[in-house]
Each structure stands twice: as C-alpha cells, then as structure tokens.
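*Asks:* Before I ask anything, let me first share the structure, which is written out below as structure tokens.
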Amino acid sequence: HDENSDQKMNTNGLGIPKEGYGFSNNVIGAFGPPSFKRASFKYNGDLASVTIRTRY
C-alpha cells in the first residue's frame, strides 16, 4: 500500500516498512519477508478473491 504514491516501499534506517504491507495467506516473516512458498497460492485462472491483512 503505497501511502505516499512514490512507487516504492519506504523503510526506516533498519529496513522496517514505514507504510502498510501484507502478503497473501496472511503470512509474516521472522526477520524479513516470508518465503515465496509460504505466501504463494494456486491459481486456476477463474475469478478469485484474495483478502490480505495490511500491517502497519
């Protein structure tokens, strides 16, 4: 969620996001983003709805 519309994820000096973020499957990473395997899901081409919790 690009809160200031600058087309990038703004972070603080430690690399922690200053803007809301989320991943599919609502997974979180321990020290960084979760693995692609944990956040990915199968898509069969039909209409789909994915709810992602935004964390701040």
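The values are calculated or read from the model by the stated rules, or taken from the named source; none is laboratory data. Remember, predicted model here, so these are calculated numbers, not experimental data. Heads up, the Cβs are rebuilt from the backbone with ideal geometry, glycines too, and the neighbour counts pull from every protein chain shown.
*Asks:* Out of everything in segment 25-55 that is loosely packed, with under 12 Cβ neighbours inside 10 Å, aliphatic (A, V, I, L, M) and out of contact with any helix residue (DSSP H, G or I) (no Cβ under 8 Å at 6 or more places or on another chain), what residue ends up being modelled with the highest pLDDT?
*Replies:* Filtering segment 25-55 for residues that are loosely packed, with under 12 Cβ neighbours inside 10 Å, aliphatic (A, V, I, L, M) and out of contact with any helix residue (DSSP H, G or I) (no Cβ under 8 Å at 6 or more places or on another chain), the one modelled with the highest pLDDT comes out as LEU47.
*Asks:* Sticking with this structure for a sec: Out of all the residues in segment 1-11, which are part of a loop (DSSP other than H, G, I, E, B) and exposed (fewer than 13 other Cβ atoms within 10 Å of the Cβ)?
*Replies:* Passing the criteria: HIS1, ASP2, GLU3, ASN4, SER5, ASP6, GLN7, LYS8, ASN10.
*Asks:* Can you tell me how many residues within segment 12-24 are among the polar types (S, T, N, Q) and exposed (fewer than 12 other Cβ atoms within 10 Å of the Cβ)?
*Replies:* 1
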